[in-house]
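The values are calculated or read from the model by the stated rules, or taken from the named source; none is laboratory data. Since the model is a prediction, treat every value here as computed from it, not as a measurement. Every residue, glycine as well, gets a Cβ built from its backbone with ideal geometry; the counts of neighbours run over all protein chains shown. Remember, those area values only see protein heavy atoms, side chains included, never the ligands or the DNA or RNA. Shrake-Rupley method; radii C 1.70, N 1.55, O 1.52, S 1.80 Å.
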Amino acid sequence: MGAPVNRSPQTYRVKSFGCQMNVYDGERMAELLSAQGLAPAEGEDADLVVLNTCHIREKAAEKVYSDIGRLRREDGTRPLVAVAGCVAQAEGAEIYRRTRDVDIVVGPQAYHRLPELVDAAARGSRPLDTDMPPVSKFDALPARARQVRASAFLTVQEGCDKFCTYCVVPYTRGAEVSRSWNAIMDEAKALVDAGAREITLLGQNVNAWSYDGRHLHDLIEELAKLPGLARIRYTTSHPNDMRDGLIAAHRDIPKLMPFLHLPVQSGSDRILKAMNRSHTSASYLAILDRVRDARPDIAISGDYIVGFPGETDADFEATLEIVRRIGHSMAFSFKYSPRPGTPAATMAEQIAPEVMDERLQRLQALIVEQQIAFNQRLVGRRTEVLLERPGKYPGQLIGKSPWLQSIVVDGGAVGELIEVDIVAAGPNSLTGVMSDRLAA
Ligand code: SAH
Ligand code: SF4
Ligand code: F3S
């Protein structure tokens, strides 16, 4: 039996579990619900809870069901529950079969219809909307909120046509679509007016953005003209879409931050082929050479998968080798997780969990070493920090360096761009002391 539910929600909470685009979607859903007259819940408890889910690895996807269970209150009631995001897209009606405790299932391309779905759920039906409608959700969403964080996300491109053999994103997000120049510029201006000093352009393959013959670097160049905007970033890029213009932008546009997240996934050409990555370790390194020629101090981030089906010790050694050659400022690494419906899930030679564990540990140890080395290089130097949020202690703030390192500073205010002298560095953050404040 289902628990009693409050079917006329006054307050809401959106919890996002996935990538930056998933976080962006969460913000847009919150703005949409606010525009409908619902209030963001003050504490943990809300009348409507939106779980904005991620399907990229099994662990993330399975976690949804325990999260749903935890929404039950001590008195046996529960909020109205919406499952949004990529699990909603991938599992659809299956979610209703697995649990009684969900009232709405809505995919990443349909969430502009959330208000109607809440109404339908309030009437007791269990609506399912995983359409990928031809009319973009962006055209139906309300304007951006009047107040946003100092560092804001802006989705410019969505979906993926690359079909890496391990990945669910082409199925959960659909085909590659670029938003229009004007829609992006309008949203960027709204974000800057609302207090954003930094904008991170988002896309599953953000550097594949193109509209009317224009490419991502043209967009960055235009955004750099916005007076209130101090910093521009973009993520995630695919090696095959790394155009000359974008590389040159790293040399020519000071507001474009010296940071590039460019996943290579593996250092073994055999595995890259099986992954359908359509680049080799050598072609990847050649791109990095050009990027570093344009911007010698650029920080390189990446993603790695260990234990892809068929990965031998030699393949894994090749991954360690490419990491050594790249020299990351940071990088993410994951154990391969077989995803339903993807080609790799049914490949022979799935790798044993113990082998994956051991490889992941070795890879992560190397990455942490590189991260510490990268951070240490800044000790004793002066750098610019955008203060983004309060720190743990009173008066303390946390911001980001141009290279995306977290910097803890005593003083300043959120939204300020200040100069600090770096006095200490650990694997995950640096300590800065305020020098002169920069003119805003
Ligand atoms: N569009 C981006 C990011 C996609 S998801 C890109 O092309 O790089 C983020 C990362 O999750 C991927 O880069 C990959 O390293 C990892 N990932 C994707 N599917 C995975 C799977 N089935 N198992 C383990 N890691 C996976
Ligand atoms: Fe997934 Fe590959 Fe597309 Fe990235 S490029 S989203 S890893 S299919
Ligand atoms: Fe996860 Fe979907 Fe992003 S699967 S990583 S939330 S695109």
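Using a probe of 1.4 angstrom and keeping all protein chains present, the accessible surface of the chain works out to 43 square angstrom per residue. Averaging Cα coordinates gives a centre for the range 6-48 and one for the range 287-357; these two points are 35 Å apart. Summarise the accessible area of the range 2-109 (1.4 Å probe, protein heavy atoms) by the percent that is carbon and sulfur. Of all accessible area on the range 2-109, carbon and sulfur atoms account for 48 percent.
With pairing defined as another cysteine C-beta under 4.7 Å, the cysteines of the chain that fail it are C19, C54, C86, C160. Summing charges over neighbours of V106, with a neighbour being any other residue whose Cβ is under 9 Å away from its Cβ, gives 0 when K and R count +1 and D and E count -1. Distance between the modelled labels on D244 and D421, one decimal in nanometres: 4.5 nm (7 Å Cα→Cβ projection).
Rounded, prolate or oblate: which one fits the range 111-227, using the alpha carbon gyration tensor with axes a ≥ b ≥ c (rounded when a/c is under 1.5, else prolate when a/b beats b/c, else oblate)? Oblate. Using a/c under 1.5 as the rounded threshold, could you call the range 11-129 rounded, prolate or oblate? The axes a ≥ b ≥ c are square roots of the C-alpha gyration tensor eigenvalues, and prolate needs a/b larger than b/c, oblate otherwise. It comes out rounded by the Cα gyration axes.
Applying 1/(1 + (r/R0)^6) with r as the Cβ-Cβ distance of N182 and E116 and R0 = 35 angstrom yields a FRET efficiency of 0.85. Pairs exceeding a 22 Å alpha-carbon distance, out of K162/K189; K335/K392; K137/K225; K59/K335; K15/K335: K162/K189; K335/K392; K137/K225; K15/K335. When only Cα pairs below 8 angstrom with a gap of at least 6 residues are kept, the chain shows a relative contact order of 10 percent.
For the range 341-357, putting each phi into the Karplus relation 6.51 cos²θ - 1.76 cosθ + 1.60 with θ = phi - 60° gives couplings of x, 9, x, 5, 5, 10, 5, 5, 6, 5, 8, 5, x, 5, 5, 4, 4 Hz, in residue order, rounded to whole numbers and with x for Gly and Pro.
Take the Cβ atoms of A286 and R146, set R0 to 51 Å, and the FRET efficiency comes out at 0.65. Annotation for R123 and E354: the two label points, set 7 Å from Cα along the Cα-Cβ direction, are 5.8 nm apart. Where does the chain land on Rg(C-alpha)/(2.2 N^0.38 Å)? That works out to 1.00 for the chain. Looking at the chain, which longest stretch skips every one of the GluC sites (Glu not before Pro) that is in a DSSP loop with at most 12 other Cβ atoms within 10 Å, leaving the sites themselves out? Longest run free of exposed loop sites: 75-348.
Mean residue ellipticity at 222 nm, helices only, the chain: -10000 deg cm²/dmol; runs of at least 4 DSSP H residues each add -39,500 (n - 2.57), and the sum is divided by the number of residues. Extending 7 Å from the Cα toward the beta-carbon at both K59 and R324 defines two label points whose distance is 2.7 nm. Here the range 382-438 exposes an accessible surface that is 52 percent carbon and sulfur, computed with a 1.4 Å probe and the other protein chains kept in place. Let's test the formula: R0 of 25 Å, r as the Cβ-Cβ distance of I372 and E317. What FRET efficiency results, to the nearest 0.05? Efficiency, from the Cβ-Cβ distance: 0.65.
State whether the range 138-377 is rounded, prolate or oblate according to the following rule on the C-alpha gyration tensor (a ≥ b ≥ c being the square roots of its eigenvalues): a/c under 1.5 gives rounded; otherwise a/b larger than b/c gives prolate, and the remaining case gives oblate. Here the range 138-377 falls in the prolate category.
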